[in-house]
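Values in this text are rule-based calculations from the coordinates and carry no lab data. Bear in mind that the values here come from a model prediction, so they are computed numbers and not experimental data. All Cβ positions, glycine included, derive from the backbone under ideal geometry; neighbour counts span all protein chains shown.
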Amino acid sequence: MRPTSSSQPAIPLVTRSVPPSAVELSAMMPFGRYSVQAQVGIGGMGTVYRGTQLSLGRPVAIKVLRVSDGYDFAFEDRFRREARAMATLNHPNIVAIYDYGHLGSEFLFFVMEFVDGTDLGEIMAQGRMTPQLALQLLPQICAGLEYAHTKGIVHRDIKPANVMLTRQGEVKIADFGLAKDVMRSASMATETHMVMGTPEYAAPEQFNAHREVDHRADIYALGVLMYQMLTGALPRGSWQPPSSLRPGVDPRLDGVVVRALMTDRQHRYQSVGDMRRMIEAALVPSSAQSPTPSRPLPAVAKPSAGRILLLEDDLMVRDLLRRALEKAAFEVVETGDGKDTLRLYQEAMQQGRPYDLAILDLTIPDGMCGRETMLHLRRLDPQILAIVSSGYRDDPVMKDYTAYGFAAALPKPYQVEGLLQIVNGALAVGRRRAA
């Protein structure tokens, strides 16, 4: 229909500025620090490019926001909050952030770990998600969120596009652009009472701009994501349990989804760790699925790969280390302070069951650190075999660990394969010493 002279003027469309090209962005970045190869994604929270950190020659992802594009929805504040939130998080299942800053007065940027892979949305769109794959990925998603929650950070926008998967099958949670430090502020809404989050995955309390929102909103979103991964559908309306929609889904997972999606957050899981343990329980065959032998089989003790004394004050990191080592058949004893480490090591020697290896966290803010603990342990046992662990790779102890009596250094964050390689390498050093 053609407009007439009496027609009301059309409401102008709000358009976003065209993001800079890769060449333009390279010229804008801090001189000599980064090069930019290509644009790889664009969305409401900014434009993402693939680049290279020149000093280290490593691939990175560079996220850019034009400040003027964000005034109406406080994008600049959320962009800064994403950088600050992610900078406090150091976990193998969370995308790491390396750098952050302004590009003149027009742009904000931050540089983060480049994930060579895809996201869960693409995997599901391609029909590659199976119940078996979902059960492999969900514990990793839980582990990343569990760690963020221990640091007081709520993601607030868990959805398939924000869960990346590397080519090696490792989960990386991304885009903390809506993250909130619940230790500083409890409200989900912005100052203009604009409720944040993706509606399909948002918990009921997120639609109340004046209601306090905490980590249980992430648990609800994770329940929606879990349902989608298991069934290929979203739990809308009067939804059916996953096992009734998809053959091969363990019925035990129905209860996990139901509890995560409770409208009243008091009835949901109260921690992601509780939810993770229930998911992991479904990985163990139930008695109904396992054949019952006609006669009881004699118990066979699983041979131990070695006894390890682990000093780590971060509960989440310690749990991850312990699980990885126990899966590789090591016997692990945990401590959170150097004084307890000394006591346990001395008791083991007196009992004639010495530890094969000690892993000592270099930095213990509220106790005896790894370096001091090692000084005492060497007096107790001059032949002690130990690994120093730290995220401060430039610390003198990490760079010259042998000078401090350590057999190896374990940098954080770590990959399971790298962890086991370092541990087995240190044990090999011990065997050569004893030969």
Distance between segment 380-430 and segment 206-258 - C-alpha centres, whole angstrom: 42 Å
Projected label distance in nm at Arg246 and Arg323, using a 7 Å step from Cα toward the beta-carbon: 2.0 nm
Percent relative contact order of segment 309-388, based on C-alpha pairs within less than 8 angstrom and at least six residues apart? 33 percent
Can you tally the net charge around Leu410? Count Lys and Arg as +1, Asp and Glu as -1, for every other residue whose Cβ sits under 12 Å from the Cβ of Leu410. 0
In this structure, the FRET efficiency calculated for Ala428 and Ala125 from their beta-carbon separation, with R0 = 45 Å, to the nearest 0.05, is 0.45
Determine the gain in length on full extension of the stretch Gln415-Asp274; use 0.36 nm per residue of separation and subtract their C-alpha separation, reporting nm with one decimal. 48.4 nm
